[in-house]
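Report on the structure given below.
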There are 2 protein chains.
Amino acid sequence: MARQNIYDNETFFSEYRKLREREVNANNLFELPTLFANLPDLEGKRILDLGCGSGERCKDYIKRGAAKVTGIDISEKMLAAAEKENSDPKITYIKMPMEDIGSLKEEFDVVISSLALHYVEDFRGVTESVYRLLSEGGIFLFSQEHPLATCFSGTYDRWTRDENGRKIYANIADYCVERRNDSTWFVEGVQRYHRMFSTIVNTLVNSGFKILKMDEPYPTEELVQKYPEYYDLYHKPDFLFVKVQK
Amino acid sequence: MARQNIYDNETFFSEYRKLREREVNANNLFELPTLFANLPDLEGKRILDLGCGSGERCKDYIKRGAAKVTGIDISEKMLAAAEKENSDPKITYIKMPMEDIGSLKEEFDVVISSLALHYVEDFRGVTESVYRLLSEGGIFLFSQEHPLATCFSGTYDRWTRDENGRKIYANIADYCVERRNDSTWFVEGVQRYHRMFSTIVNTLVNSGFKILKMDEPYPTEELVQKYPEYYDLYHKPDFLFVKVQK
């Protein structure tokens, strides 16, 4: 199956880094706070970070008391940034696609993945491998693009706007058709896999996991007053979080 | 909290009955087959049907070997039809809103509800009562209107159509705003409660349930060739099924 490595595209890499460096972005406002709010106690735990990128989160897990963190990523550029900016004696960075984690020989107590699983075609294969790698009672916490954010049509805009340009609703096409959705994000041909809610839930349950919690973060009223452009997230949230247990 | 009894509205009742009597309808094509496919073995089991309507399903559960079935409904007209058309020595029909099942004194092995829970404001109260009424290991299986079907805006049409009138996408508004959505279905002011996926899942988990399976049924290609009007369900499914265990 396809293993996408868009983060090693020169343009994508530099544009993505710029986006994440902006102080106000959806990751800082919604994604990371929800991720950290859902973390179990990391004290003394062995952590695996799937799609660790430039390693900021791996460093955070160490600060929260993790005994060791293994960060894997498919992108050489991202890992070079991680080694340079977020190295630590307790962190090991490995260049590896998520689809290959079955080859890891260690056991982990917590597996975390931030906004990476929508790039994976073989979701079932990854969840089964995560289950095998986890210790009994271990936690798998991940975020991904929300299923309403991956089911637009290439032919139409994702939004319908009023005469003032305000987004009045999201245009949802073929929610029930699971597929690869190619789109342009910094560069052409970024591949995301659209999966229905029920597929995500059933795949995890069939892999042996117990569902603990789901989150679809959206802005507070206070935040929308400060950044009115984020009202759109009420129509169609950007992120889905799932927390499950072995 | 509000307890809606729209089924006792004269017009609603007769129009709804006509709809369900049509051989080809979404209930017969998708809802009921998915419900029956997800049923556990009913042999010798004690069943509670929340929102039993005119009792067809209660009769089916008896045919599948259930020891006894209790059907509750808020609508007198529906229960009168049930007594007339689907009475059985093993079935007891009780006029009771779903919100009041906490007052039942019996234990049940399986609780089933077909397309009724979206009428309930206090979803959490009902799931907690169901948990208490179930025997250990008991199953709660329900269908409801799909969360994408309950988050349209009253101001806009639910669909955007092309020049030939074909529905090209569903118009999703305020998915993240949980609310009562009043709409016209046979009569004005039919009240449905919109809840996000995560709310449904988290409410069940917090009530003590283990998630076993979710379903969002949509038509097969064969069926769409026969009834092209059902292609719309690919954009926005009508029904959500959840199967959980105590």
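Here A:C151 fulfils each of the conditions (1) closer than 27 Å to A:D73 by Cβ; (2) more than 9 Å from chain B (Cβ to nearest Cβ); (3) surrounded by 16 or more Cβ atoms within 10 Å (Cβ to Cβ); (4) at pLDDT below 95 apart from (2). Among the residues of the stretch A:116-156 satisfying the criterion of being assigned to a loop (DSSP other than H, G, I, E, B) and aromatic (F, W, Y), which is farthest from A:Y193 (Cα to Cα)? It comes out as A:Y156. Going by the conditions given, is A:D157 within 12 Å of another protein chain (Cβ to nearest Cβ) and among the charged types (D, E, K, R)? Taking the combined requirement at face value, the residue satisfies it.
The set of residues from the stretch A:198-215 being hydroxyl-bearing (S, T, Y) and free of Cβ contacts under 8 Å to residues at least 12 places away in the same chain comprises just one member, A:S198. Restricting to the stretch A:169-184, name every residue that is more than 7 Å from chain B (Cβ to nearest Cβ) and touching a residue at least 40 places away in the same chain (Cβ under 8 Å). Answer for the stretch A:169-184, where residues must be more than 7 Å from chain B (Cβ to nearest Cβ) and touching a residue at least 40 places away in the same chain (Cβ under 8 Å): just A:R180. Picking from residues in the stretch A:205-241 that are surrounded by fewer than 20 Cβ atoms within 10 Å (Cβ to Cβ) and of a type in the set (K, R), the one that is farthest from B:F197 (Cα to Cα) is A:K226. For the stretch A:194-205, check the following and say yes or no: at least one residue is under 24 Å from A:R17 (Cα atoms) and more than 10 Å from chain B (Cβ to nearest Cβ). No, the conditions are met nowhere in the stretch A:194-205. Mind checking whether some residue in the stretch A:231-239 is touching a His at 6+ places or on another chain (Cβ under 8 Å), in a strand (DSSP E or B) and more than 8 Å from chain B (Cβ to nearest Cβ)? Checked the stretch A:231-239: at least one residue is touching a His at 6+ places or on another chain (Cβ under 8 Å), in a strand (DSSP E or B) and more than 8 Å from chain B (Cβ to nearest Cβ).
Let's see how each residue does on (1) over 18 Å from B:F239 (Cα atoms); (2) among the aromatic types (F, W, Y):
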{"position": "B:D174", "(1), (2)": "yes, no"}
{"position": "B:V177", "(1), (2)": "yes, no"}
{"position": "B:R180", "(1), (2)": "no, no"}
{"position": "B:S183", "(1), (2)": "no, no"}
{"position": "B:V190", "(1), (2)": "no, no"}
{"position": "B:H194", "(1), (2)": "no, no"}
{"position": "B:F197", "(1), (2)": "no, yes"}
{"position": "B:I200", "(1), (2)": "no, no"}
{"position": "B:T203", "(1), (2)": "yes, no"}
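If you check B:E222, B:E188, B:E163, which single one turns out to be part of a strand (DSSP E or B), modelled with pLDDT under 95 and more than 9 Å from every other protein chain (Cβ to nearest Cβ)?
Values: B:E222 fails: part of a strand (DSSP E or B); B:E163 fails: part of a strand (DSSP E or B).
Only one candidate passes the filter, namely B:E188.
The residue that is farthest from B:K105 (Cα to Cα), counting only those in the stretch B:3-55 that are surrounded by 13 or more Cβ atoms within 10 Å (Cβ to Cβ) and of a type in the set (G, A, S), is B:A26.
The values are calculated or read from the model by the stated rules, or taken from the named source; none is laboratory data. Note that this is a predicted model, so its numbers are computed, not measured. Here Cβ is always computed from backbone atoms with ideal geometry, including for glycine, and neighbour counts include all displayed protein chains.
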